[in-house]
1. Residue by residue through the range 23-38, what is 3J(HN,Hα) from phi via Karplus (6.51 cos²θ - 1.76 cosθ + 1.60, θ = phi - 60°)? Round to whole Hz and write x for glycine and proline.
2. For the range 22-51, which chymotrypsin sites (Phe, Trp or Tyr not before Pro) are in a loop by DSSP, counting at most 12 other Cβ atoms within 10 Å?
3. So how strong a dipole does the chain carry about its Cα centre when Lys and Arg Cβ are +1 and Asp and Glu Cβ are -1, to the nearest 20 debye?
Amino acid sequence: MPSKTEEYLALAQRTANGLTRYWESWTDYLTTASRLYKYPFADQLMIYAQRPDATACAEFD
């Protein structure tokens with residue numbers, strides 16, 4: 001059974017590969033990233049992977 005870290009890395013890899021495969025995926029990602037411009041790329045990528053229609057996010061402590 002993969003650990004949460006391994007699952008996280010696999011999801012990030014699949015999402016990144018999908019972004020470069022189709023231009024529609026890239027433009028969808030850019031739309032999400034434009035709403036989350038204060039976040040680093042890795043966080044934007046994971047938000048897009050889990051909820052592409054997100055408009056606001058906050059840290060969970």
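What follows draws every value from the coordinates through simple rules; no lab data is involved. In this text the structure is predicted, and so the values were computed from the model without any measurement. Don't worry about glycine lacking a Cβ; one is built from the backbone with ideal geometry, like all the others, and counts go over all protein chains shown.
1. These are the phi-based 3J(HN,Hα) values: 5, 5, 5, 5, 5, 4, 4, 4, 5, 5, 4, 5, 7, 10, 5, 7 Hz.
2. In loop regions of the range 22-51 (DSSP not H, G, I, E or B), the sparsely surrounded chymotrypsin sites (Phe, Trp or Tyr not before Pro) are TYR22, TYR37.
3. It comes to approximately 140 debye.
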